[in-house]
1. Once you charge only the Cβ atoms, +1 for Lys and Arg and -1 for Asp and Glu, what is the size of the charge dipole of the stretch 569-620 about its Cα centre, to the nearest 20 debye?
2. So who's got an amide H within less than 5 Å of the one on Ile117, skipping anything under 5 residues away but keeping other chains? H placed 1.01 Å off N, in plane.
3. According to the square roots a ≥ b ≥ c of the eigenvalues of the Cα gyration tensor, what is the shape class of the stretch 489-620, taking rounded for a/c under 1.5, prolate for a/b larger than b/c otherwise, and oblate for the remainder?
4. Give me the mean projected area, in nm² to one decimal, of the convex hull enclosing the Cα positions of the stretch 274-432.
5. What is the Cα coordinate range of the stretch 422-515 on the first, second and third principal axes, sorted by size from largest, in whole angstrom?
6. On the accessible surface of the stretch 509-565, probed at 1.4 Å, how many percent belong to carbon and sulfur atoms?
7. First select every other residue whose beta carbon is under 12 angstrom from the beta carbon of Asp593; then total the charges, Lys and Arg +1, Asp and Glu -1.
8. Label the stretch 539-610 by shape, choosing from rounded, prolate and oblate, from the square roots a ≥ b ≥ c of the eigenvalues of the Cα gyration tensor; if a/c is under 1.5 it is rounded, and otherwise prolate applies when a/b is larger than b/c, oblate when it is not.
Amino acid sequence: MIINPRTLIGLLTLILFNSQILYGFPQDDSNKTKVVKSKKYNYLIEIPVSLSYDENQKEAEAFNATRANPYLEVMVFTDLRGIESEINAKDLAQHIINEFKKTFKKEQKAKLKEKTINGLKGFEFSLEGDLTGTPMILHYWVCCHNGFHYRVIVQGESKRIKELEKEKEKILSTFKPLDPKKIQHIDKERLFGLYKSKHFGFEIDLRKTQWIKKEKASRKMNGEIHGIYSDQYFFIFTPLYVGDLGAASENIQKALLQWHQRAYVIERKILKTGTLNEMKWNIRELVHFINDRQLKTRYTIFLGKDVAYLASFHAFPSPNGNFEGFEEAADSFFKAIKVPQGGKYNINRSQLTPSELHFQSMMVNVLGVFAFQRGEFQQAIKFFDVAIRHQPHNAQYVINKMFTHNRLGQHEEAAKFFDQPNLPDWKNNELDSWKAFHFYRSFRHDEASKVYESLFKRGYRNDGAFHAYLSILTFNKEWKTAYKALKAYSNKNNTEMIQTLWADTKFTEGKKEEAHQRLDAQLKKNFSIDVALMKLGFYQRDNDYKSAHKKVQEFIKAKPRLPMLYREKADIERSLKRIPDAIQSIKKAIELDPKNEGYKAFLKHLEERKKSQESEEESS
């Protein structure tokens, strides 16, 4: 799960990841910055000195954070709200404390303390809690000055409290106010409820709604509008260009609907369906849990030929525990939305800001993830290709593409991707590992070896990747290089798998007795099903099924509750043409693992073999 600090502070919503294939949300680096470096923690602190946004995005939030290590993170927020927001630092700090109290289970006793930094008068406080399975402490400093909000957060393990305190002071000493002459203040209308887009053609006018509070003004974040209007209500509006996705509208609609259905759902219903200005839409409603908090959501997708809009309105329960007032507030939000008639919008990617383009590519990548999860792998690849085309430097999008090609067995097609000229240097070990793997499976062994050798030289450790590299060496009978690589790799990563690879290499070279001795030593030290299966595999590679059968019986006597051993015994008995015995063995495996469909399929195969055998005997 990725925990976004902005989510904890305000939205507490909607991004839960639980898949081998990742979503990939990179930082937007479109702003000119002053960079403060720390060798000790290997982070960069980027403090914007000038924020330039297009005329429809004069309100700005710069979020700059780099992960230093698993338990230390530094974040700097600079928010342009306008002098009209009429909120002071003390009230804002108290609001943040209240939001965190809802998130942390531990009772918080945060004390506000006035602290002035480089002429900026602000307030600081500390909070403790458990967000990721590790006790964490957060140091917070908040300031409001000349229409800007500044927030600096230093967070990490509670046991490192002294280091964190020291780091906080160092960060604050480098923090300087933005020059108000370089950034234009937003006007009051745009701050408090009127949104228009020349690119995407929509308009949202919320100025007449009763639930707006000035100090909870909306903002754009990476091309998506977020509105936090009270402690109970907020909305999200996402414009998405779908004209270059090459997908049927129903596929896009399925993926977008999936965006709102990832949490534990208590109740779900469809309220309305129809067409608005030639755009298909349906309004759905659900009650669900996000981060252990109950939430009521009403959402819709306006889907046109080349553009789609995701609009959602959310409410937390009121103090008395119900959603009183939700219907009226949600209705007013959806009535305030106007989408273009007849598709009157002007999407020109060259005119999109880097922030908007980043968000569009990110959303297309998410559509690819959802298509993958539904088993629509070819469609997922099309989505990932669009995301890569518009943000080629994002390694995660390419990893997702490689992962999907692997699922389809399209190794040659995946490998051809890396033959393109002028590809970025992603400097990503996981991506290089996929690159080498697809070269390997495409029999481009020399290229695969070079990538693997570079990876391991950089300290990369992955047993599966090393196994593939070793397979290339043994295939080419480069025994000296293979043993040298095994020795170097096992010095820092001598896992069970690597020990078995020593044995497998010896066996493949022809040193079979030594290979068996290595596996026997491993099994004597600690029985492992993987090592046992390799031992049986050695016998089968020599067509010595009698020895294999004798050995598997020894294993079963020692470990009678392992279904895989009975499956292996059945396979050996099939090779010995003892079909009735094989049937009894696989039935025992099914008894121990009744949900295993592979075992059931193998039983069906054996029973068909038995019938065929009996038929042949009758004929003879």
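1. 200
2. Gly122
3. prolate
4. 12.9
5. Sorted largest first, the three principal extents are 50, 27, 17 Å.
6. 48
7. +4
8. oblate
The values are calculated or read from the model by the stated rules, or taken from the named source; none is laboratory data. Note that the structure is predicted; figures quoted are calculated from it, not measured. Methodologically, a virtual Cβ is constructed for each residue, glycine included, from the backbone with ideal geometry; neighbour enumeration extends over all protein chains shown. To get the accessible areas, we keep the full protein, side chains included, count just its heavy atoms, and leave off ligands, DNA and RNA. Shrake-Rupley method; radii C 1.70, N 1.55, O 1.52, S 1.80 Å.
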